[in-house]
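To keep things clear, I will list the structure first and then write my remarks on it.
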Amino acid sequence: MTIHRGTTSEPLVKLLGVTKMYSQPDNYDILVLDDINLTIERGQFVALLGPSGSGKSTLLRIITGLSEPSYGSVLYRGRPVTGPNPHASMVFQSFALYPWLTVQQNVELGLTAKGVPLAARHEKALRLIDLIGLNGYEDAFPKELSGGMRQRVGFARALAVDPELLCMDEPFSALDFLTAENLRSELLDLWVDSKIPLQAILMVTHGIEEAVYMADRIVILSKNPARVAEDLTIALPYPRNRKSPDFVHLVDQVYKIVTDTDEDHKPVSISSPAGSPQKPEESERARLDPIPYGHLSMLSGLLELVSDRGGRDDLYHLGSELLLEVDDLLPVTDTAELFHLARVSEGDLILTEQGKVFAEVDVAERKAIIRKELLDIPLFRLIGRVLESKTNHAMVRDFFIDILEEHFSQDQAERQLMLAINWGRFADLFHYDTDTELLYLAEDQLPEAEATLLGQGQADS
Amino acid sequence: MFGSRQTESRSSYADLIIGVAILALISLAIAWATHKPHGISGTGAISLSYAKLPLDAAYSWSRMAIAYLISLAFTMVYAYSAAYNPRAEKILIPLLDILQSVPILSFLPVVLLAFINLFPGSHLGVNLASIVLIFTGQVWNMVFALYNGLITIPRDLRETALSLQLTPWQRFRTLELPFAMGGLVWNSMMSWAGGWFFLMAAEMFSLGHHQYQLQGLGSYLQTAANQGRWGKEFLGLASLVAVIVVMDQLIWRPLLAWSDKFKMEMVEGEAQFHSVVLVVLRRSRLIEWAQTALLLPMVEAIDHFFGIGIPRWRRQSRWLTSAAGLVRTLVTAGIIFALFTALEGGIRLAASLNLHTLLVICLATGATLLRVLVSLAISVAWTVPVGVWIGLNPRFAKSLTPISQIAASVPATALFPGLVALLFVLGGGLMLASVLLMVLGTQWYILFNVIAGASAIPEDLKEAARMFGLKGSHIWRTLILPAIFPYLITGLITAGGGAWNASIVAEYVSFRGHIYTTFGVGGLIAHDSNSGHFAALLVATSILSLTVVVINRMVWRPLYRQATERYSLS
């Protein structure tokens, strides 16, 4: 596209080594953003793409000045950002409308803050409500509107303050497919035809198609911690056609990059990192990698599907067929890889020998396979060791939470243990009593019994 | 409140400091009160003339209104500091928790003495004392409602305000206050109801050898009961109910219906409260004119003032910081001085105490605890079946709820004088009467919660029970009791607090010139304050408070947590 907005040599936004850590009560800091360097020029529509939990929303909030980086700095038109940036405004996934204010009052909110007199405020709000196609709804309350209309109000509110930079945090993901599509193309019309005095748009999304459809530049973030993995320019002319071969090719390419990025940061560090043999306790700690949040029922279904198709399928195809975003699909494929049931390569999911067996056998044998695999995962080895060494073969949940909190944030520790309990119950590795919050081994789960049981399982299959 | 593990471990440490600080403050008040010679007694006799009833009601209402306004102002300051100043939060929230569970009535004599000495020989002191008492009874849950509202504002809404550069005042006006409005209105209503309870007790009491009276509905009821004039007693009660019903219709119901629009829900739900008055107000031309011609320009002006005025003022920050430093130094000095005086007073008081008194107080606390438990048991025994029945039959619920609400709105303390008189006439000692009085003060909390719980049982669960042919005790054990459990616990917590408070008026009754007491810590407190044994009074009050706090921490809070985690239906 042609750059028709004010061109000066100075970039609009410049990130210099932005790093964000969340400090934990016990001094273990969680690194969320790692040394992000990024420049946003005037006239650009940038999509920040990354898996969920990659810290892209955090990055957006740092750029708008709502949150502060731990290290590094954000320059806006060459000046450091120290508080909420008055030249940037936000559109939220949840719309974030004030339910007690009417549509017009919501749109006027930012103008009120600027001290714009009543008459001018009304006039401007009405003009914007017109522009986004909500005329007639000025006096309606948000709860009387549909989701799409609410997000229109969200856009009008953000645009009312004449921002130079529009920041959008997954603005379409709470909307149904058709509404989202409609709103996307309307926003693109406003942007491409310069009907709004914006200098640049920054959109956080996990939708690959959405990013390729709307943005002229895609910045792909990796996970744990987030780094800039790839910076792509999308040179397709507007309006873009989702069916055109170029478009499909680009989406496929981005898909591959995203899945490969995920690959690089997979929990693989079973062995201690080389170069730090003098610190055994450090490497011990480094071993607890997060287990992916994959549902076991979804895992079974996916493997059966891929097995029926000859043991190999394109992830992008699978995703669009199952109406799953890459975000929902990746935890499942991660789980499959963790259990050595499949591997991801070049954007394809390929079943291993064990995966093919898994897809064929019944539930009891699937449980046996997963039990065998779980015993190789550090977190489950840890739980097993603790429960076996206790005389009553039981331990409170908080004990494990405390251990996990040395590796993860508080929320994440809870989620990890919940998932571990879920998997452990499925594989009949240990029991959990919700009332007493105890993890415990039943008679048949004791170490000796475990060995014989495993032997039987293998003899059966 | 029932937050994560870390905040809890922190708060127990803070609790200790705060508990000591409160004790110090009370003993400071006592020390100060006993230093001075007693002021002049209150007042002449209370007129029982019918013509004076409206005036009495007006007096009582004004005391309530003043106390409520003070509570509202205090709520804003306290909740704001707790929500936005992390250092203040560490102190203020555990403090709030303790103050909420301390039986306010036991402070009555202490507060009174202090205020009477502040304005010797005038009605002002007694009036102020009753207002302060009402204030301390009603303020805490309002503070908690606002604080809770402020800290639960969704991140997105907060970030919107920040990114749109709203000034702190505009943030308060458009986000914080509206968000907390629902809880604030509801708790204001609860507080006002609680206020009546204390007002009735505070308008007429004896202290030492003095009888203090304030013209009002509370004193009217007590005098009428004392003189055995049942017609007057009944009429007094009727006017109290009338005042409460009018308040409900003209103020609370419209406010509740109005605050519906501040709910965070994004679907148009069925409106919970209807108010004819609000509809009339909303359609009124006069109100509309007032809104556009007065309210709107005023809001604009205030916006302008805070938007333009404050930042300019803030620029002279050096002056401001030095002023803040001065204030901080003064406050610190004041606290140190107060603590020192309190300590001195406390030591003086402790010197006049012996082991025997202590033992008696502990035994008395046990006796009262027993009475509280019995009254709770009686309340549960009748409210659970009745409440479940009402809750499961929505047709009855509609017609019965207003009636029971009116019945519940009559403060138990207003009924005490009449009831005591009646019980003495019929025979039966205070032993029985005091338990009955406690039941009177507690049953409604439980009943309403049980009704709410039973009517919230989802239809599909009921249908499943019917399909499996569950009957009788089985359906109670598997469906009804677990479903109402969280509600029952909530009701019991409030009811327990009410029972402890009621013990002070229920265990020590003055009737027709005679004083009737029964063994218990409430009676002990009342007796000590009447006879001027301030050391024993202080110890009894603190042991009573400690007991309540410990029971809350050890029994109710774990139960509540279990109820919300295990039996929550959402």
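The values are calculated or read from the model by the stated rules, or taken from the named source; none is laboratory data. Since this is a predicted model, take the numbers as computed values, not measurements. Don't worry about glycine lacking a Cβ; one is built from the backbone with ideal geometry, like all the others, and counts go over all protein chains shown. To get the accessible areas, we keep the full protein, side chains included, count just its heavy atoms, and leave off ligands, DNA and RNA. Shrake-Rupley method; radii C 1.70, N 1.55, O 1.52, S 1.80 Å.
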For region A:22-43, indicate whether the set of residues that are assigned to a strand (DSSP E or B) and polar (S, T, N, Q) is non-empty. yes
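Per-residue answers, yes or no, for (1) farther than 27 Å from residue A:446 by Cβ; (2) open to solvent by 30 Å² or more (accessible area, probe 1.4 Å); (3) of a type in the set (Asp, Glu); (4) touching a residue at least 40 places away in the same chain (Cβ under 8 Å):
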site	(1), (2), (3), (4)
A:335	yes, no, no, yes
A:343	yes, yes, no, no
A:352	yes, yes, no, no
A:359	yes, no, no, yes
A:368	no, no, no, yes
A:374	no, no, no, yes
Being within 12 Å of chain B (Cβ to nearest Cβ), within 13 Å of residue B:158 (Cα to Cα) and free of Cβ contacts under 8 Å to residues at least 60 places away in the same chain narrows it down to one residue among A:97, A:101, A:66; which is it? A:66
Reported set for region B:442-460 where residues are assigned to a helix (DSSP H, G or I) and exposed (fewer than 15 other Cβ atoms within 10 Å of the Cβ) is B:459, B:460
Restricting region B:139-159 to residues that are away from chain A (no Cβ under 14 Å), part of a helix (DSSP H, G or I) and open to solvent by 10 Å² or more (accessible area, probe 1.4 Å), the one nearest to residue A:64 (Cα to Cα) turns out to be B:151
Among the residues of region B:516-570, how many are closer than 30 Å to residue B:478 by Cα and either surrounded by 23 or more Cβ atoms within 10 Å (Cβ to Cβ) or more than 14 Å from chain A (Cβ to nearest Cβ) (or both)? 10
Scan region A:338-372 residue by residue and report those that are within 14 Å of residue A:299 (Cβ to Cβ), in a helix (DSSP H, G or I) and out of contact with any helix residue (DSSP H, G or I) (no Cβ under 8 Å at 6 or more places or on another chain). A:363
Check on residue A:310, of a type outside the set (Phe, Trp, Tyr), crowded, with 18+ Cβ neighbours inside 10 Å and outside the structural domain of residue A:427 (by TED's automatic domain parsing): no
Going by what's in this entry, would residue B:93 be described as surrounded by 14 or more Cβ atoms within 10 Å (Cβ to Cβ), under 20 Å from residue B:549 (Cβ atoms) and modelled with pLDDT of 80 or more? yes
Given the criterion within 28 Å of residue A:40 (Cβ to Cβ), part of a helix (DSSP H, G or I) and away from chain B (no Cβ under 13 Å), identify the matching residue among A:126, A:188, A:111. A:188
Specify the residue that is most open to solvent (accessible area, probe 1.4 Å); the eligible residues are those in region A:391-403 that are more than 15 Å from residue A:433 (Cβ to Cβ) and more than 14 Å from chain B (Cβ to nearest Cβ). A:391
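Quick one: which residue in A:245, A:292 is closer than 14 Å to residue A:330 by Cα, modelled with pLDDT of 85 or more and either open to solvent by less than 20 Å² (accessible area, probe 1.4 Å) or not aromatic (Phe, Trp, Tyr) (or both)?
Every option except A:292 fails the conditions.
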Give me a count of the residues in region B:378-396 that are open to solvent by 20 Å² or more (accessible area, probe 1.4 Å) and under 19 Å from residue B:454 (Cα atoms). 11
All but one of (1) of a type outside the set (A, V, I, L, M, F, W, C); (2) open to solvent by less than 30 Å² (accessible area, probe 1.4 Å); (3) more than 30 Å from residue B:478 (Cα to Cα) hold for residue B:496, so report the exception by its number. (3)
Residue A:88 fails exactly one of (1) closer than 28 Å to residue A:235 by Cβ; (2) within 13 Å of another protein chain (Cβ to nearest Cβ); (3) open to solvent by 10 Å² or more (accessible area, probe 1.4 Å), namely (3)
Listed by first then second residue, the pairs whose first member lies in region B:160-176 and is more than 7 Å from chain A (Cβ to nearest Cβ), whose partner is crowded, with 24+ Cβ neighbours inside 10 Å and in a helix (DSSP H, G or I), with beta carbons under 6 Å and at least 6 positions apart or on separate chains, are B:171/B:161
Looking at this structure, is residue B:106 small (Gly, Ala, Ser) and either within 14 Å of another protein chain (Cβ to nearest Cβ) or open to solvent by 20 Å² or more (accessible area, probe 1.4 Å) (or both)? no
Got at least one residue in region A:172-183 being open to solvent by less than 20 Å² (accessible area, probe 1.4 Å), within 14 Å of chain B (Cβ to nearest Cβ), touching a residue at least 12 places away in the same chain (Cβ under 8 Å) and in a loop (DSSP other than H, G, I, E, B)? no
Would you check which residues across region A:129-146 are among the aromatic types (Phe, Trp, Tyr) and away from every other protein chain (no Cβ under 11 Å) and list them? A:137
Out of curiosity, is residue A:53 more than 13 Å from every other protein chain (Cβ to nearest Cβ), part of a loop (DSSP other than H, G, I, E, B) and at pLDDT below 90? yes
Note on residue A:217: of the conditions (1) at pLDDT below 90; (2) open to solvent by 10 Å² or more (accessible area, probe 1.4 Å), unmet is (1)
Those residues that are farther than 21 Å from residue A:66 by Cβ and modelled with pLDDT under 90, I need them from region A:146-182; list them, please. A:146, A:147, A:148, A:175, A:176, A:177, A:178, A:179, A:180, A:181, A:182
Result of the Cβ filter at 7 Å on region B:212-233, keeping first residues that are under 13 Å from residue B:49 (Cα atoms) and part of a helix (DSSP H, G or I) and partners that are open to solvent by 10 Å² or more (accessible area, probe 1.4 Å) and of a type in the set (Lys, Arg), at least 6 apart or interchain, is B:224/B:232
Checking residue A:74 against (1) touching a Pro at 6+ places or on another chain (Cβ under 9 Å); (2) within 14 Å of chain B (Cβ to nearest Cβ); (3) not in a loop (DSSP other than H, G, I, E, B), which test does it fail? (2)
Against the condition touching a Phe, Trp or Tyr at 6+ places or on another chain (Cβ under 6 Å) and open to solvent by 10 Å² or more (accessible area, probe 1.4 Å), how does residue A:127 come out, does it pass? no
Only one residue in B:342, B:408 is closer than 21 Å to residue B:494 by Cβ, modelled with pLDDT under 75 and surrounded by 15 or more Cβ atoms within 10 Å (Cβ to Cβ), so which one is that? B:408
Residues of region B:499-515 classified as surrounded by fewer than 17 Cβ atoms within 10 Å (Cβ to Cβ) and within 21 Å of the chain's Cα centre (by Cα), total: 0
Filter pass, residue B:299 being farther than 24 Å from residue B:176 by Cβ and at pLDDT 75 or above: no
